[in-house]
Amino acid sequence: MPEKGWKSITVRETVVKKLKTMYDQDIQRPQNQKFGAWVDETITGLIDYEDFIRKHAMLRFKGAFGNEIHIYDSFKQSNVIVTIDGAAKTLRCEFDPSNPSCIHIGFCYGLKDTARILKHYGVKN
């Protein structure tokens, strides 16, 4: 039974093993910090980061559909589509098609959400 103010959750054993490895390798954590407290702190940090990104990020991933990656650019206040050219194994931004290094393309390379898609098309950065 958890202490007051705490709840128990169920996660896969493989996730717990990965978290335990991260916990053991975290040189920044206090040596007397318990695993549960470390997991709580780590998840809280992730939630705070996601909230910050949602509120303040210049670019946000909206989705991928076929060979298109949809991004919202809050600076331009518009949606931008980055197209994957499977034959050339490159990305092309609709906003700046002549620039292979535009910020929207760079953003796509850095997204975990698009990594599998880019790999499927054979695109490497």
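The numbers here are math on the coordinates, done by the rules we state, and not lab data. Since the structure is predicted, the reported quantities are computational estimates derived from the model, not experimental observations. Cβ coordinates were reconstructed from backbone atoms using ideal geometry, including for glycine residues, and neighbour counts include every protein chain displayed.
Brief remarks follow.
- Prolate/oblate/rounded call for the chain, Cα gyration tensor, a/c under 1.5 rounded: prolate
- Fluctuation leader among ARG12, ARG92, ARG54 - the chain, Gaussian network, Cα springs under 10 angstrom: ARG12
- Cross-link pairs exceeding 20 Å in C-alpha to C-alpha distance, out of LYS62/LYS112; LYS34/LYS55; LYS18/LYS62, comprise LYS34/LYS55; LYS18/LYS62.
- Sparse-neighbour loop sites [chymotrypsin sites (Phe, Trp or Tyr not before Pro); the range 43-125; at most 11 other C-beta within 10 Å; DSSP]: PHE75
- This model, with +1 at the C-beta of Lys and Arg and -1 at the C-beta of Asp and Glu, gives the chain a dipole about its Cα centre of some 300 debye.
- Based on Cα contacts under 8 Å between residues 6+ apart, the range 43-103 shows a relative contact order of 17 percent.
- The range 15-101: GluC sites (Glu not before Pro) in DSSP loop, at most 14 other beta carbons within 10 Å: GLU94
- With a cut-off of 15 Å between beta carbons, the residues surrounding LYS34 carry a summed charge of -3, where Lys and Arg count +1 and Asp and Glu -1.
- GNM flexibility winner over the chain from ASP40, ASP24, ASP113 (Cα, springs under 10 Å): ASP24
- Using a Förster distance of 25 Å, the FRET efficiency for TYR49-SER101 (Cβ separation, nearest 0.05): 0.45
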